[in-house]
Amino acid sequence: MNLYIRYFDKETLVTNVDDAIAFLRNIDEIGMNPVLEAEIREYVSSEVFYPKRYKVRPRIYFIIIKTDASTMADFKEKRAVHVSQALLSPAERVVSPVIAKLNEQLYGWYEGSIDFKRVSLVPGTGKFQYRDCHFVARLKAQSGQDCYNRIIDYLREHVDNRSQFPSVKGKNFKYQFLGFCKQTS
């Protein structure tokens, strides 16, 4: 993985983070410091592929892009662009383990619990506020995703529609498969 760095008309393509930091140190306006160096090292070691921009001063940034290009010409002609998962065919996509487990088809009883922000009326003032609420349900479902969808559908019908529900992939939704049940046609 190579790094493309640009600050106005100064640009380079380097093969490692040390060369990138050395390039940025040579630009006085950037003011390389240990905090910025640590941020750059963290970005380079992460799995993130989107470009990262760093603020030098108000409305002035430098940018770092991860690329598979081996030369500046390849980078400029976009010959080594990292392919987004959204552009791949379903067979080529890498599915995260969390999503795979959520979508695993296993018809039976589930217990799902969700922590969400419920809108409630404050009696003395007549104003509304968000309160943390915990909801647990046991239900029949096809998968963890189906369990989540059924709980959210139920809550949307029974609580104020301004309530805020967490993502199915977040830490505020948990489910457990309790056992199989007879399938009814």
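The values are calculated or read from the model by the stated rules, or taken from the named source; none is laboratory data. Predicted model, so just to flag it, every value in this text is computed and none were measured. In this analysis, Cβ positions are derived from the backbone assuming ideal geometry, glycine residues included, and neighbour counts consider all displayed protein chains. With ligands, DNA and RNA removed, areas are computed over all heavy atoms of the protein, side chains included. Shrake-Rupley method; radii C 1.70, N 1.55, O 1.52, S 1.80 Å.
Could you go through the range 65-75 in sequence order and give the Karplus-derived ³J(HN,Hα) for each residue, using 6.51 cos²θ - 1.76 cosθ + 1.60 with θ = phi - 60°, rounded to whole Hz, and x for Gly and Pro?
10, 7, 8, 8, 5, 9, 9, 4, 4, 4, 5
Just grab the label-to-label distance for Val136 and Ala38, each label 7 Å out from Cα along the Cβ direction, in nm (one decimal).
4.0 nm
Rounded to the nearest 0.05, what FRET efficiency is calculated for Glu77 and Glu47 with R0 set to 25 Å and r the Cβ-Cβ distance?
Calculated value: 0.45.
Residue by residue, what Karplus-based ³J(HN,Hα) values in Hz, rounded to whole numbers, does the range 119-130 have, using 6.51, -1.76 and 1.60 with θ = phi - 60° and x for Gly and Pro?
For the range 119-130, the Karplus curve yields 7, 9, 7, 8, x, x, 9, x, 9, 9, 8, 8 Hz.
Note the full-extension length gain between Trp109 and Ile63 as 0.36 nm times their separation in residues minus their Cα-Cα distance, in nm to one decimal.
Taking Trp109 through Ile63 to full extension adds about 11.5 nm, to one decimal.
Quick one: grab the alpha carbon gyration tensor of the range 1-46, order the square roots of its eigenvalues as a ≥ b ≥ c, and give me rounded if a/c is under 1.5, else prolate or oblate depending on whether a/b is larger than b/c.
Cα axes put the range 1-46 in the oblate bin.
Could you give each residue of the range 34-42 its phi-based ³J(HN,Hα) in whole Hz, using Karplus coefficients 6.51, -1.76, 1.60 with θ = phi - 60°, and x for Gly or Pro?
Working through the residues one at a time gives x, 5, 5, 4, 5, 4, 5, 4, 5 Hz.
Please compute the Kirkwood hydrodynamic radius over the chain, one decimal place, Å, based on all pairs of different Cα atoms.
One over the average 1/r among Cα pairs gives 21.2 Å for the chain.
When the accessible area of the range 1-48 is split by element with a 1.4 Å probe, what percent falls to carbon and sulfur?
Answer for the range 1-48 is 47 percent, counting heavy atoms of protein chains only.
Please check the chain for the longest run free of trypsin sites (Lys or Arg not before Pro) that are loop-located per DSSP (anything but H, G, I, E, B) and have at most 14 other Cβ atoms within 10 Å.
Value returned for the longest uninterrupted segment is 1-58.
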